[in-house]
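The values are calculated or read from the model by the stated rules, or taken from the named source; none is laboratory data. Just so you know, these numbers come straight off a predicted model, no measurement behind them. Counting neighbours? That spans all protein chains shown, and the Cβs are built from the backbone with ideal geometry, glycine included.
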Amino acid sequence: MNLGELLDFCGNLLDYDPSNETYRAQLVSLLNDAQTRCLTDRPWAFASSERKLQVFTDTTLSLTFTNGQAQVTGVGFNVGTTVKPGSELAGASLEFTDSAGVSHFYRVQWVELTTRLYVDRAYTGASGTYQVTVKRREVYLPSDCMTVQNVGDPHVGTIPAKALFLSKWEREDANLDPSLLGTIEAYLPSEGRRVPAPQVPRGVSQVAATSQGVRTINLFMVNVFAPNGQNAPTYRDDVSSGFESALSKVASFTLADNQTLILTPEVISNVTGLYRRYYFTCPEANILAPVRIRHADAEDPLPQGVDTVAPTAGVSLKPNLSLTNLSSQGFQSRAIRYRFNQAAIYQAIELYPHPASDQDLNVRLVVSPTRMQEDQDVPLVPAAYAQIVAYAALENLVLKVDNPALAQVYQRKKAVLYKAMEQRYLKEVPRRIIKGTPTAGYRFVRNPYGKLTFTP
């Protein structure tokens with residue numbers, strides 16, 4: 001059942017199916033809430049997904065720091081262009097000791113040029129050129145990740161089939177060396193990243209156009225950290241082009257036939273490292289889920305097309321919002337939709353030891369459901385059990401109108417289907433056991449009581 005069929009199913013049970021956008025929006029919200037509640041408390045087999053993540057080893061760069069400045073100079077930084085910005089170094093940590101013997105730790109916020117980048121705060125040490133260790137220890141997980149089930153790759157001989165999970169307490173208890181490089185034996189939870197959301201869309205103006213069609217454009221803006229303009233994303237999924245914030249408040253524009261929108265993002269601080277990105281909906285074109293607006297200077301029909309604006313003045317986005325063009329270009333079917341990561345928190349893990357070379361890593365995840373917004377969207381629940389979502393939504397809907405007896409009816413119907421789905425699809429999280437020959441020097445062993453021991 002897709003969203004349209006779920007709405008019809010609910011309408012038939014209630015004998016109430018008004019053609020009202022407010023009512024539809026309310027029921028869609030309840031259906032999405034029900035889907036989330038039903039799926040986020042269990043490691044469902046149908047919600048398991050294997051992803052390939054890219055892991056970078058430590059590197060060394062010769063960088064020049066100036067006291068009191070966040071600007072750092074060097075050579076050879078990978079950096080994108082004005083129409084497709086970004087760098088693999090964004091978000092990396094820089095560690096070194098200055099000439100006075102003081103240790104320093106900074107984060108790369110923005111790579112402006114192949115010879116210039118900015119760190120997260122002004123440098124406080126002695127000015128000079130230093131050999132800096134560049135570390136990208138956090139492996140960020142896809143935005144739809146709820147739980148990590150397994151880390152490793154059975155097809156690569158240097159990586160165990162399954163890496164051992166370590167808690168932060170176990171890491172501290174074993175006194176592990178965080179700088180160690182080698183073959184991956186364990187993974188640990190790490191601090192995630194949160195990107196603050198803008199309040200309202202900015203840099204938007206209406207201009208004259210020709211035969212664009214009368215329409216309503218609902219515009220949203222997000223802040224983006226660390227888009228990658230080198231086609232080597234930290235992870236390869238729907239948000240591989242950066243960490244997105246939650247959506248801003250909506251700004252609605254009613255455009256006449258002779259009008260279109262011009263988006264000109266403001267100049268932003270190079271220390272924040274934040275870029276701007278726009279999403280829109282268009283009811284007249286049946287675009288109800290926010291989709292990403294692409295860059296006018298490099299219009300590409302594929303999802304990996306240019307879509308980010310550099311934090312410089314004079315760069316504008318021009319959305320192609322003609323109803324005719326939307327149809328002829330197949331824009332709806334190929335558009336990148338916003339995933340509604342409203343918390344905008346991106347989970348991460350660390351590897352121990354950190355790999356000694358750049359490589360891919362297989363990670364098996366339990367994923368969260370994608371928000372349903374358009375009629376053709378389908379829930380993550382298997383088709384035979386999709387009515388669970390409808391019953392859960394109806395239970396809450398009738399409670400809102402003070403009908404607890406009917407709510408209990410829907411609750412019982414949901415419980416019967418949910419129990420059947422548990423018996424069919426629910427599986428325990430696999431035990432995390434290292435396979436193969438351990439690397440000498442850092443073999444982990446658990447005793448019968450579960451306490452981690454470290455074998456030198």
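Just one of (1) modelled with pLDDT of 85 or more; (2) in the same structural domain as ARG277 (by TED's automatic domain parsing); (3) among the charged types (D, E, K, R) fails for ARG215. It is (1). Does GLY229 satisfy the criteria of being in a loop (DSSP other than H, G, I, E, B), buried (at least 21 other Cβ atoms within 10 Å of the Cβ) and modelled with pLDDT under 85? Here the answer is yes, as GLY229 does meet what is asked. Could you list, in sequence order, the residues of region 180-205 that are farther than 20 Å from PHE225 by Cβ, surrounded by 12 or more Cβ atoms within 10 Å (Cβ to Cβ) and small (Gly, Ala, Ser)? Answer for region 180-205, where residues must be farther than 20 Å from PHE225 by Cβ, surrounded by 12 or more Cβ atoms within 10 Å (Cβ to Cβ) and small (Gly, Ala, Ser): GLY182, ALA186. Total residues in region 117-132 satisfying the condition of being under 24 Å from VAL55 (Cα atoms) and surrounded by 14 or more Cβ atoms within 10 Å (Cβ to Cβ): the figure is 5.
For PRO265, the requirement of being over 14 Å from VAL224 (Cβ atoms), at pLDDT below 75 and either in the same structural domain as VAL119 (by TED's automatic domain parsing) or assigned to a loop (DSSP other than H, G, I, E, B) (or both) is not met. Condition first: surrounded by 14 or more Cβ atoms within 10 Å (Cβ to Cβ), under 18 Å from SER48 (Cα atoms) and modelled with pLDDT under 85. Now tell me which residues in region 148-162 satisfy that. Listed by number, the residues that qualify are GLY152, ASP153, ALA161, LYS162. Within region 115-149, the set of residues being more than 19 Å from the chain's Cα centre (by Cα) and over 18 Å from GLU95 (Cα atoms) comprises just one member, THR115.
Candidates in region 90-121 are the residues that are hydrophobic (A, V, I, L, M, F, W, C) and not in a strand (DSSP E or B); of these, the one that is nearest to GLY242 (Cα to Cα) is ALA90. With the structure loaded, tell me whether THR57 is within 30 Å of ALA390 (Cα to Cα) and of a type outside the set (A, V, I, L, M, F, W, C) or whether it fails that test. Against the criterion (within 30 Å of ALA390 (Cα to Cα) and of a type outside the set (A, V, I, L, M, F, W, C)), THR57 does not qualify. Screening ALA25, ALA92, ALA70, ALA45 for residues that are under 30 Å from MET146 (Cβ atoms) and modelled with pLDDT of 90 or more leaves exactly one candidate, ALA92. Scan region 62-116 for residues that are hydrophobic (A, V, I, L, M, F, W, C), in contact with a Phe, Trp or Tyr (Cβ under 7 Å, 6 or more places away or on another chain) and touching a residue at least 40 places away in the same chain (Cβ under 8 Å) and the total you get is 8.
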